[in-house]
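The values are calculated or read from the model by the stated rules, or taken from the named source; none is laboratory data. Everything quoted here is computed from the prediction, not taken from an experiment. Every residue, glycine as well, gets a Cβ built from its backbone with ideal geometry; the counts of neighbours run over all protein chains shown.
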Amino acid sequence: MTLHARVLQCILEEPGTSKQRLCRRFDLNRYRLRRVFQKIDEGLSGRSLVQDDLNGVWIVAMDPEKCAGTIWLGGDEGGYVQCSGPREFADGRCYDHSGWENPEMIAFERRLRWVAGPCEASARVLAQLTMTVLEDLAETLSAVNPVTFRQLQEKKRLAGMLRSAMAFVRWKQRARPSASGSWIPPEFAERLRRSSGNTFEFAVKQHFLVLEVTSDAGRDEVVKAWRKLARRYHPDAEGGDEERMKLINLAKDRIFLIRGWD
């Protein structure tokens, strides 16, 4: 019996088995387990594999005429069941479960990534922008009409991020010394100095720290450090760490992009 067949049999016999238990039982790391799940999902007919870090792994019977999303009823009530809603969007899901996005939201998220530069968009990063840019972003976001529940939640999250960034900018403007000689309290002076730093240079230093080299390291030194860490943390290696490997690859790619290396 193949590995994915044995894993499938285990899930059918013990619904709700955790991914950690499957890894221990079949001597798999998270990367190989995900590949096994992909193989299982491809072979299921009229059923779907649902995996959750908290509720475990389940096989759910699916009606092709209904929403492809699932609802958690609880372990004592049968686990996951298919949503009975209509298939409203292109991904075959209803308003509550669809991940479809309209072009306006996609365009806004691309613009947000662009203004954030090499950093992940956050209130701290966006606070390095001018108030005019932040207000324009907030106005653009307010005009986006969410078409799914997930998109509505994402719009609320982004709006909150922009509000926090604008509040931080206003605070810096009040705290910055003026011609009248306004004074910054000592407990806020260092915080203001750090928040006024260059976002791009801060991001570069963080990427060098991930690769465990100094920020003045050359191309060959960066490549050598990346290869060393990749051998240690690659998901296929013993004791590998997939999430750490993603950070290592991202750091190397961003350093090469920012430094202009081939």
Inset, instruction - Among the residues of segment 40-87, count how many are surrounded by fewer than 15 Cβ atoms within 10 Å (Cβ to Cβ) and part of a helix (DSSP H, G or I). - result: 5
Inset, instruction - Scan the helices (runs of 4 or more DSSP H) fully inside segment 190-262 and keep the ones with 1 or more residues being more than 19 Å from G117 (Cβ to Cβ), at pLDDT below 85 and in contact with a helix residue (DSSP H, G or I) (Cβ under 9 Å, 6 or more places away or on another chain). - result: 242-259
Legend entry - Test set (1) surrounded by 14 or more Cβ atoms within 10 Å (Cβ to Cβ); (2) modelled with pLDDT of 90 or more; (3) in contact with a helix residue (DSSP H, G or I) (Cβ under 9 Å, 6 or more places away or on another chain) - A143 fails condition number: (1)
Legend entry - Conditions (1) closer than 27 Å to M245 by Cβ; (2) in contact with a strand residue (DSSP E or B) (Cβ under 6 Å, 6 or more places away or on another chain): number failed by S48: (1)
Inset, instruction - State the number of residues belonging to segment 146-178 that are crowded, with 17+ Cβ neighbours inside 10 Å, within 24 Å of D96 (Cβ to Cβ) and of a type in the set (A, V, I, L, M). - result: 3
Legend entry - Test: G117 is in contact with a strand residue (DSSP E or B) (Cβ under 7 Å, 6 or more places away or on another chain) and either in the same structural domain as M166 (by TED's automatic domain parsing) or in contact (Cβ under 8 Å) with a residue 60 or more places away in the chain (or both): no
Legend entry - Answer from V125, V57, V81 - the residue that is aliphatic (A, V, I, L, M), touching a helix residue (DSSP H, G or I) at 6+ places or on another chain (Cβ under 6 Å), at negative phi and not assigned by TED's automatic domain parsing to the domain that holds A165: V57
Inset, instruction - Only residues in segment 74-96 that are within 12 Å of P15 (Cα to Cα) count as the first member; pair them with residues that are in a loop (DSSP other than H, G, I, E, B) and of a type outside the set (K, R), Cβ under 8 angstrom, at least 6 apart or cross-chain, and list the lot. - result: G75/G16; G75/N55; G79/P15; G79/G16; G79/N55; G79/L73; Y80/N55; Y80/L73
Inset, instruction - Only residues in segment 233-262 that are in the same structural domain as A217 (by TED's automatic domain parsing) and among the aromatic types (F, W, Y) count as the first member; pair them with residues that are surrounded by 12 or more Cβ atoms within 10 Å (Cβ to Cβ) and outside any helix (DSSP H, G or I), Cβ under 7 angstrom, at least 6 apart or cross-chain, and list the lot. - result: Y233/G240; Y233/D241
